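The structure appears below as structure tokens.
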Amino acid sequence: MKRSRKSVQGYHNRSREDRQRARQARKEAARYAKARDGALLSMDRAKILKWLVEYRVGWPKAVINSEAVFWVMVHKTRAAVRSIPLDERRKSAAWLRGHGFNEFDGSGEL
């Protein structure tokens with residue numbers, strides 16, 4: 001079956017648009033990861049809260065309002081995020097174990 005010239009052009013235009021959307025999504029994901037990693041590596045509560053609000057990360061208010069639960073969630077997140085340097089992930093895993101929690105990583109890399 002032959003396609004008309006118009007339908008072939010429409011196909012290529014959609015494909016370019018799809019590629020542009022995919023490129024934009026990758027850029028947004030990289031920006032998000034950079035902001036997340038920066039906040040988590042800072043271990044600064046204010047920076048982490050700013051990141052949570054800016055990217056609408058859905059941590060429950062009970063987590064944010066409780067100092068102890070907040071730091072457990074921070075360390076669990078740090079232990080799980082692969083783009084965080086391994087030594088920092090290990091520090092968080094050790095902190096969690098030292099406070100009676102586990103890191104739920106399961107990769108065997110910690």
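Only one of the numbered conditions (1) in a helix (DSSP H, G or I); (2) surrounded by 11 or more Cβ atoms within 10 Å (Cβ to Cβ); (3) without any contact (Cβ under 8 Å) to a residue 24 or more places away in the chain; (4) not polar (S, T, N, Q) is not met by I48, and that is (3). Out of all the residues in segment 49-56, is one or more at pLDDT 95 or above, in contact with a Leu (Cβ under 9 Å, 6 or more places away or on another chain) and not basic (K, R)? The answer is no; no qualifying residue exists.
Residues that are farther than 16 Å from S83 by Cα and of a type in the set (S, T, N, Q) within segment 13-55 comprise N13, S15, Q20, Q24, listed in sequence order. Considering only residues that are polar (S, T, N, Q) and in contact with a His (Cβ under 8 Å, 6 or more places away or on another chain), which ones fall in segment 51-97? S92, the sole residue that qualifies. Only residues that are among the hydroxyl-bearing types (S, T, Y), closer than 24 Å to A29 by Cβ and surrounded by fewer than 16 Cβ atoms within 10 Å (Cβ to Cβ) were counted in segment 55-98, giving 2.
The values are calculated or read from the model by the stated rules, or taken from the named source; none is laboratory data. Since this is a predicted model, take the numbers as computed values, not measurements. All Cβ positions, glycine included, derive from the backbone under ideal geometry; neighbour counts span all protein chains shown.
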